[in-house]
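The values are calculated or read from the model by the stated rules, or taken from the named source; none is laboratory data. Here the structure is a predicted model, which means the values were calculated and not measured. Here the Cβ is made from the backbone with ideal geometry for all residues, glycine too, and neighbour counts use every protein chain on show. What goes into the accessible areas is simple: the full protein's heavy atoms, side chains included, and nothing from ligands, DNA or RNA. Shrake-Rupley method; radii C 1.70, N 1.55, O 1.52, S 1.80 Å.
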Amino acid sequence: MSEAFQLILLAVDSAIRLSVPLLYACLAGLYSERSGVVDIGLEGKMLIGAFAAGAVASLVPNPWLGLLAAVMASGLFALVHGFASISQRGNQIVSGVAINVLASGLTAILGNAWFGQGGRTPQLPGSARFNEITLPFAEALRPVPVVGEIYYEVISGHSVLVYLALAMVPLTWFLLYRTSWGLRLRAVGENPAAVDTAGLSVTRLRYSAVIMAGILCGFGGAYLSIAQSAGFITDMTAGKGFIALAALIFAKWRPLPALGACFLFGLLDAVALRIQGVSFPGIGQVPVQAIQALPYILTVVLLAGFIGKATPPKAVGVPYLKDRS
Amino acid sequence: MSARTAPVWLTAGVVPLVNVAVAFLAAGLVVALIGENPVEALQIMLRGALGSQYGLGYTLYYTTSFIFTGLAVAVAFHAGHFNIGGEGQALMGGLGAALVALSLPFLPWPLLLPLCVLGAAAAGAAWVFIPAYLQACRGSHIVITTIMFNFLAATLLVYLLVGPMKMAGSMAPETAKFVPGATLPLMNQMAAWFGLTITRTPLNLSFIFAILAAIFVWVLIWRTRLGYAIRTVGANPDAAVYAGISPARITVIALLISGGLAGLMATNEILGVQGRLINEFTAGAGFVGIAVALMGRGHPFGIVLAALLFGVLYQGGAELAFDKPKITREMIIVIQGFVILFAGALEMMFADRIAALYARLTGKLVAV
Amino acid sequence: MPAPAIQMTGIDKRFGAVHANKAVSLTVEKGTVHGLIGENGAGKSTLMSILYGFYAADSGTIAINGKPSLIRNPADAIHSGIGMVHQHFMLVETFTVVENVMLGAEGGVFTAKGAAAVRAKLQALSYAYGMDVNPDAVVSELAVGELQRVEILKALVKGADILILDEPTAVLTPSEVEKLFVLLRRLAGEGKTIIIVTHKLKEIITVTDRVSVMRRGEMVGTVETSNTSPADLAELMVGRRVVLTVEKGPANPQAVVLDVKDLTVRDARGTIRLDHATFQVRAGEIVGIAGVSGNGQSELLETIAGIRKPAGGTVSLNGALLDCGGSDDPTALRAKGLRHVPEDRHRMGLVKPFEAAESAILGCSDEPGFGAGPFLDRDAVLADCVRKMEAFDVRPADPTLRTALFSGGNQQKIVLAREIERDPKLLLIGQPTRGVDIGAIEFIHKRIIGLRDAGKAVLLVSTELDEVLALSDRVLVMCGGKITGERRPEDTNEQDMGLLMAGVSSDAPKVAA
């Protein structure tokens, strides 16, 4: 096995791990924004989810209960966002900022008060986490060149939440494009009046999407604290919610490209981790920040409409109000 | 003709006060949730923030930064835009000030210091220019682009501080110390010039700048033709077009002013306290600015009051964390979050009810 | 005799201070095409939105096919067999035709089966009625006429027996209108009930069996189409009010101030809105433009005012060619002595959250009198507003009161004062008395005539026929973006005007009959 190939496999493997929280948050944003509700609170929902998962899993060593707690906490925040954005017709951006700030403050203060470890939750034992699963025959196939190596290094050896995230992509596609709910959801984000005049409830549809976003952010948060790590640490989302937002724009609000965008951004992250201090022949050291900045730069360029055009759902960010004739 | 103007004390007084009170109530619940007494916590905070010269100095030092970032958000609001990038613009303001200070150390201070201050404002404005231009001319949503620019600013600063601008021989990500002529005097030094003795705190000359900036914004928005144009574009873009005011041009100008104000926040921390450029010096002040602007309802007077309140929270919160280790400094962030939620996103939740109550009590129908 | 398809009785609806429907009753017989006409704001759309469940009436009852029906939302309406084709199409642009049609009627959790069923129904209906629509076309790529067919099919697929069409011909070409009418007659022949909401008189005559006319929220009458004429309908629509007596002497027209030649304007979709308009306005005369709203008057005013860019033709002011919407933006035109009272003061003429004094300097905020250099002198602004409020008798005369809190008449006086007091060479004025109380109307009319007598040129647009006839020295009539005729008020009557407004005149091309 060549060393370069091995390196690529490891990079891809690490990119998958790093892209999973992005993918959950990105798909969460996709449901919400496809329904017409802007969600810049992905970061906050993921953070509160990560905290809830870490906290509950440390009390009851069962990762599934941790996941449930994450989904409930994140879902509660999603309901707050829904209430402000849909029922009260408040400013969706302001509401999203509030969610992010609240999550950042609450996780730190509750974590410190309850566990007294400076905002961390206690280190989790293996039984309280989602552990890596070795897929069948991974060991046996390992010596097979290329296919076996890829199977062993890249495909096998992730936690159930990784496989679930990947499964969410086709599932989201199916929900969006093959079910009535998905049809209505896409319609309400483009033209809520069309949905209203078709005899459907704009409010109910948007709430369902916002709750869906809450659930998925909960999964993303749980992945961070009880699968990827062994506990919650302060500000552990570290901007992933915003990268996910960038990925969503990059994917033009579609599920399959979302997978691609999240993987790309995950790969950039993995590469940035690896090239730190490495000198490339002819180039010298590439500043790691240059690679970290790429997702943001790419997103701005895309938004500017210079390469392709990222057109958001038409009604996104606009509270629905029947206009009086 | 049923609705009348609601009295100012109702719209600009009672409604925001109720919203903020609810935010504090919610924060009190959080304090109770972690097993502490909210009333006692409040007392400790107030005493810590206002009970001594030392506390007051720190309170006003925090207030300074929040006035700048709050004004920045407010100016953009008046033009109908949400500049969420105050954090990044403030970071760049620090960079601008540092570049001037480090590259022109030979200048005499009466020249160098104003240039440093200008550098901060110019760099903050420059950092919002691309998002502003893209919003005005290509319709790219400024909320998303300024979020991206926040991260870009943070990344750029880290790169510079661990690379090209790092002080030789230092391990920390920071630049060399500026020459004394590029730093602002502390308040206690200034007091000494007049023979007064006050406790040494980080409070510095930039506090005066902040008050001047608030007056500047008030004059700009309510007493200049440009401010009139800004408010027209924000309130009714169609009327602006009818009047011959270009919404695109005014959008860019208003956002440049907004970015410049955010950049000036760096005068407090970088020119006033640190005397060198350090990493992450904004410490979230850009986001506090959102809460401050919402609470102050976009009016400079309200913003100074709201910034003072957050100054009290930050200083009092530090004291509180010292006295009650269970209530960490992040309590301030929680309160900030509730303020943004109740005074911002849920702003109108109580307004209608308050108007109805007022109508019942006085028999007058009012529009809030 | 079968029960009427629709019987609406005593429908009343208020939006805040606006009384949109005043105890309106409407009966529509089964299998007929029924027209509902009235001017903008007469309450027709509100009435239809109530029938479709989009708004809830404050009081009144609805019976469908003789059965009392509670229609609380569009779902109830659809269930009762009512379909509506809205003026602004309720279509999702990114969806295909099939997706749009099946929205809300998917027939289960998954869309596959429903889509197949809808596709089959679509094909059957398209075939039956000769409506050529590709079920897999994406809506954003369809032409306007096709979009309308999709909307009609959407209603039919959902089983509509009663079809409401709100201003269906506003966006269609004459040949498309003809096709639509053939279709509607055919649907009616098969027992479906059709309601057409429109303000186009000629079309009503062509296609309907009966016509109901609304004016200012009230139902003023229902007539058999065969017993009426466009002129009669125009009269009913506009209403014969107490004859306006405006005292004015003969005009003394001087040099040409405004010279418009072949002015043509297209909207964002590329549809022609103003079609080769040619006319002149002289100093010391009022030229009025009459016509049912939406026939190009707004585009005419906004183009001359520098807000829109024309697609063709020229505009000259005092002999100098203008570059309207280009270098001659509203600011430049004001400097040249052109003033503009916009038709819609809420959308353009005022900034409602501003205090009155600030609304009173909209478009004038750069004048040197309002402060030194970049500053705006609040005292000067307030003093100016107080003067104008006195001169125009604005009540309450409080320049610090929020603009939104003045009555319609007083808001309009603020706009007029702002524009008239600046001694314009040319005043463009749209709907000078819309939403204005009787007392203020007289005052405003006097001011406009005073301006004329002072030797200024006035171009007046109003959909109030009485007003145009009373104020103008010459009247131009517009229909479908064209100027269909010119009359002197003393040489015409309402019948003559009605025909011109309907586009029926010797010098205008015939609309397809």
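What to note about this one:
- The stretch C:380-412, subset farther than 20 Å from residue B:229 by Cβ and among the charged types (D, E, K, R), residue surrounded by the fewest Cβ atoms within 10 Å (Cβ to Cβ): C:390
- Considering the stretch A:115-126, and only residues there that are over 17 Å from residue A:61 (Cα atoms) and touching a residue at least 12 places away in the same chain (Cβ under 8 Å), the residue that is surrounded by the most Cβ atoms within 10 Å (Cβ to Cβ) turns out to be A:119.
- Members of the stretch C:51-101 found to be within 9 Å of another protein chain (Cβ to nearest Cβ) and assigned to a strand (DSSP E or B), listed by number: C:84
- If you filter the stretch C:165-215 down to residues that are assigned to a helix (DSSP H, G or I) and among the small types (Gly, Ala, Ser), you find that the one that is least open to solvent (accessible area, probe 1.4 Å) is C:188.
- Selected residue (only one of C:137, C:155, C:117 is at negative phi and either open to solvent by 30 Å² or more (accessible area, probe 1.4 Å) or not assigned by TED's automatic domain parsing to the domain that holds residue C:176 (or both)): C:117
- Helices (runs of 4 or more DSSP H) contained entirely in the stretch C:361-457, each with at least 2 residues that are under 21 Å from residue C:298 (Cα atoms): C:408-420, C:438-453
- Condition check for residue C:484 on (1) closer than 22 Å to residue C:304 by Cα; (2) open to solvent by 20 Å² or more (accessible area, probe 1.4 Å): one failure, at (2).
- Scope the stretch B:305-352; condition charged (D, E, K, R), within 23 Å of residue B:40 (Cβ to Cβ) and within 8 Å of another protein chain (Cβ to nearest Cβ); matching residues: B:326, B:330
- Within the stretch C:336-376, tally of residues that are within 8 Å of chain B (Cβ to nearest Cβ) and open to solvent by 60 Å² or more (accessible area, probe 1.4 Å): 6
- Residue in the stretch A:208-218 that is more than 10 Å from chain C (Cβ to nearest Cβ) and under 30 Å from residue C:82 (Cβ atoms) present: yes
- Test: residue in the stretch A:271-287 that is more than 30 Å from residue B:330 (Cβ to Cβ), away from chain B (no Cβ under 14 Å), without any contact (Cβ under 8 Å) to a residue 60 or more places away in the chain and buried (at least 17 other Cβ atoms within 10 Å of the Cβ): no
- Among the candidates B:59, B:63, residue that is closer than 30 Å to residue A:242 by Cβ and assigned to a helix (DSSP H, G or I): B:63
- Entirely in the stretch A:110-196, the helices (runs of 4 or more DSSP H) that have 1 or more residues that are at pLDDT 90 or above and away from chain B (no Cβ under 14 Å): A:160-178, A:180-190
- Output for the stretch B:42-56, where each listed residue is in a helix (DSSP H, G or I) and of a type in the set (S, T, N, Q): B:43, B:53
- Checking residue A:185 against (1) over 14 Å from residue A:35 (Cβ atoms); (2) open to solvent by less than 10 Å² (accessible area, probe 1.4 Å), the condition it does not meet: (1)
- Taking the stretch A:1-86 as the region of interest, the helices (runs of 4 or more DSSP H) fully inside it that hold 3 or more residues being closer than 24 Å to residue A:152 by Cβ are A:3-34.
- The residues in the stretch A:27-45 that are among the hydrophobic types (A, V, I, L, M, F, W, C), open to solvent by less than 10 Å² (accessible area, probe 1.4 Å) and within 14 Å of another protein chain (Cβ to nearest Cβ) can be counted, and the count is 3.
- Residue count, the stretch C:31-79 (criterion: within 30 Å of residue C:231 (Cβ to Cβ) and open to solvent by 30 Å² or more (accessible area, probe 1.4 Å)): 3
- Residue in the stretch A:96-114 that is most open to solvent (accessible area, probe 1.4 Å), counting only those that are touching a Leu at 6+ places or on another chain (Cβ under 7 Å) and under 13 Å from residue A:52 (Cα atoms): A:104
- Given (1) crowded, with 24+ Cβ neighbours inside 10 Å; (2) farther than 27 Å from residue A:55 by Cα, index of the condition residue A:223 fails: (2)
Results for (1) over 21 Å from residue C:500 (Cβ atoms); (2) within 14 Å of chain B (Cβ to nearest Cβ); (3) surrounded by fewer than 22 Cβ atoms within 10 Å (Cβ to Cβ), shown as yes or no for each residue.
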site: C:252; (1), (2), (3): yes, no, yes
site: C:271; (1), (2), (3): yes, no, yes
site: C:282; (1), (2), (3): yes, no, yes
site: C:286; (1), (2), (3): no, no, no
site: C:295; (1), (2), (3): no, no, no
site: C:311; (1), (2), (3): yes, no, yes
site: C:324; (1), (2), (3): yes, yes, no
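- Exactly one residue among B:119, B:80 is within 19 Å of the chain's Cα centre (by Cα) and crowded, with 23+ Cβ neighbours inside 10 Å, and that residue is B:119.
- Which numbered condition residue C:83 fails, given (1) under 29 Å from the mean Cα position of the chain (by Cα); (2) buried (at least 21 other Cβ atoms within 10 Å of the Cβ); (3) under 25 Å from residue C:123 (Cα atoms); (4) at pLDDT below 95: (4)
- When residue C:247 is tested against (1) touching a strand residue (DSSP E or B) at 6+ places or on another chain (Cβ under 8 Å); (2) open to solvent by 60 Å² or more (accessible area, probe 1.4 Å); (3) of a type outside the set (Ser, Thr, Tyr), just one condition goes unmet, and that condition is (1).
- When B:240, B:262 are screened for being open to solvent by less than 20 Å² (accessible area, probe 1.4 Å), within 14 Å of chain C (Cβ to nearest Cβ) and either at pLDDT 95 or above or more than 15 Å from residue B:77 (Cα to Cα) (or both), only B:240 passes.
- Boolean, residue B:134 is open to solvent by less than 60 Å² (accessible area, probe 1.4 Å), within 14 Å of chain A (Cβ to nearest Cβ), closer than 19 Å to residue B:97 by Cα and out of contact with any strand residue (DSSP E or B) (no Cβ under 9 Å at 6 or more places or on another chain): no
- Exclusive hit being among the polar types (S, T, N, Q) and touching a residue at least 60 places away in the same chain (Cβ under 8 Å), set B:43, B:89: B:89
- Identity of the residue in the stretch A:293-307, at pLDDT 85 or above and facing chain B (nearest Cβ under 8 Å), that ends up surrounded by the most Cβ atoms within 10 Å (Cβ to Cβ): A:299
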